[in-house]
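Trainee: Quick one: the structure is below, and I'll ask about it shortly.
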Amino acid sequence: MKNDILDITGEDSDLPETKLLSKGDIKSLKKWIPSKYKDRPLQRVFQLTKDFTNIQTLTNKLKGIGATLIVIKTQDGKRFGGFMNKDWKKGIDDSNKLNYGAYFGSKRAFLFSLDHKEKYGLLNPGFAGRYDTKQFGPCFGMDLYVNLSQNVGNLNKMAYDININKICRSNTFMVEEMEIFAFSKECINSCSIF
């Protein structure tokens, strides 16, 4: 698992076995991630082409891991994703019943474009995320989500202040790869706040 650890705290950190992140990407991400997570190395917990068999596989990998960074590469070569500072969880409605479409709020979540080196903040923090265990897995509101069984994703401008045409060529895109990273609570080697 050592190759799946990405220490974003140092300038010359070794990259994990990732198809999607470069050292330049890491510099951009360092600027955007809240300070609470800057001293924690990233650990890849999911890679679509390697780990996906069904939605339950992804659900199990995301249980209780906390903050995540999701990076997507389209078949057109566009790279973008999102940061969520909360656990991805099954939605629970007000009556404590399971609701697969329930939203949860966050003030720190954001979307980003690695190609344009831009971060996109929230317009409506109450709709920052939702977890759909039937079909999609983690969703950034209704703004960014992927149907994992079909490798098709969607972008919309609802809860996040995004420019769809700049991030991707259209609202719908074909996914070539997706990686999900968790922020390890224990530092590997020496970690410092930068």
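Only the coordinates and a few stated rules stand behind these numbers; no lab work does. Keep in mind the model is a prediction, meaning the values are calculated, not measured. Backbone-built Cβ (ideal geometry, glycine too); neighbour counts: all protein chains shown.
Trainee: Short version: ³J(HN,Hα) in whole Hz for each residue of the stretch 165-181, in order, from phi by Karplus 6.51 cos²θ - 1.76 cosθ + 1.60 (θ = phi - 60°), x for Gly and Pro, what are they?
Mentor: So the Karplus estimates, Gly and Pro as x, are 5, 7, 6, 9, 6, 7, 5, 9, 9, 9, 8, 8, 8, 9, 10, 10, 10 Hz.
Trainee: For the modelled label position 7 Å from the Cα of Lys27 along Cα-to-Cβ, which residues of the stretch 110-127 have backbone nitrogen atoms closer than 13 Å?
Mentor: Of the residues in the stretch 110-127, 117 have backbone N under 13 Å from the label point off Lys27.
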